[in-house]
1. Within segment 101-135, which residues are surrounded by fewer than 19 Cβ atoms within 10 Å (Cβ to Cβ) and aromatic (Phe, Trp, Tyr)?
2. Would you tally the residues in segment 48-61 being surrounded by 15 or more Cβ atoms within 10 Å (Cβ to Cβ) and more than 25 Å from the chain's Cα centre (by Cα)?
3. Looking only at segment 160-176, decide whether some residue is at pLDDT below 90, assigned to a helix (DSSP H, G or I) and under 20 Å from the mean Cα position of the chain (by Cα).
4. Got a number for residues in segment 128-140 being within 11 Å of LEU111 (Cα to Cα) and either in contact (Cβ under 8 Å) with a residue 60 or more places away in the chain or out of contact with any helix residue (DSSP H, G or I) (no Cβ under 7 Å at 6 or more places or on another chain) (or both)?
5. Any residue at all in segment 232-246 that is of a type in the set (Lys, Arg) and at pLDDT 75 or above?
6. Tell me which residues, restricted to segment 41-60, are of a type outside the set (Ser, Thr, Tyr), within 19 Å of ASN107 (Cα to Cα) and assigned to a helix (DSSP H, G or I).
7. Just to check your reading of the model, which residue among LEU219, LEU293, LEU275 is crowded, with 16+ Cβ neighbours inside 10 Å, at pLDDT below 85 and within 29 Å of PRO179 (Cα to Cα)?
8. With the structure loaded, tell me whether LYS73 is over 28 Å from the mean Cα position of the chain (by Cα) and either under 16 Å from TYR109 (Cα atoms) or loosely packed, with under 13 Cβ neighbours inside 10 Å (or both) or whether it fails that test.
Amino acid sequence: MDIKISENIKRLRRERNITQDALAAALGVTPQSVSKWEVGACYPDIELIPQIARFFAVSTDELFGTNDDREKKMLRAFRESVRAIPWNETERKFPLYREIIREFPENYYLLREFVYELANIVGRIPEICAEARETMQRALELNDDADMRYTAVYVYTRCGDFDTAREYAETLPPVAETPQHVSITALETRYRETAAFDDAEYDELRLSLGYISMPLNNLTELLLTEKRRRVPSRDDEYYALLILTDDLLPIWRIMAERPTEYAVSRERALESYYLTQKQQEFGALGDDDIALLRSLYGAYIPLLKRGLTLLLTEKRSEE
């Protein structure tokens, strides 16, 4: 039997951008042991195999590479069957997902896909919530990274459990730790040294600003929806935010294109899922929600201003 565990550990680690040191720390071994596994000098102890499989969210068969062909064929047939189903007949996909997950119960990516499919129709079929939550918990047991916890916020808001959704959102990294924040900080340092950007740096700046503008734009839309529902007094949070929103509206025009991706963060989860779904569910946001809106603006705006300052300064230097 051709065992491919050495190359599979190396491949899985690199695909997930995990260092040998980080993998070693998670498994309670030395980095030298991981290095020896990957070059084929030795194999992991048999007791570690299930732990390694769980860490990478794969089956032990997949880790050993003993069922690659069979699994690939089954997954290929599954994908083709799912693609053949019209977009407005989502429920027809469910038996296919249930069958393939029974075959590969530790495939994290299948579980996560199924969770999204279930959550997307919760509004029409509320009883689907129970299956969505159960599937999500199974995925979380395999991999509770930020992406899956972000998905949990989506599932719980779609199911109307806003308290649990808020709890998951609070476990996510703040926007200050996202790649866009790191990128703009690095670009500020670079600009102080060179007083100019090359084409790649300028594109990176515009892309980072695009990522930041998306949630701010969504927050503004939430506020404008609320504006039609209430007459604010000058001493409440809502009035102060409306003034801020009026100042921000021209900013969206600066970005010629909007990225379609996003950076997972606490603020993004609260804006895109928690507050948006709450407004749709109840028809309006309460005072506590407006205060939360204000805090979300406060997280994004300083970063946006720093990026815009760089962008406008660079434009002035080109003129």
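The values are calculated or read from the model by the stated rules, or taken from the named source; none is laboratory data. What you see is a predicted model, and the numbers here were worked out from it, not measured in a lab. Backbone-built Cβ (ideal geometry, glycine too); neighbour counts: all protein chains shown.
1. Across segment 101-135, the qualifying residues are TYR109, TYR116.
2. Matching residues across segment 48-61 total 4.
3. Yes, the conditions are met somewhere in segment 160-176.
4. 2
5. No, that holds for no residue.
6. From segment 41-60, those of a type outside the set (Ser, Thr, Tyr) are 41-42, 44-58; that's our starting set.
Then keep just the ones that are within 19 Å of ASN107 (Cα to Cα); that gives 48-58.
Result: LEU48, ILE49, PRO50, GLN51, ILE52, ALA53, ARG54, PHE55, PHE56.
7. So the residue among LEU219, LEU293, LEU275 that is crowded, with 16+ Cβ neighbours inside 10 Å, at pLDDT below 85 and within 29 Å of PRO179 (Cα to Cα) is LEU219.
8. yes
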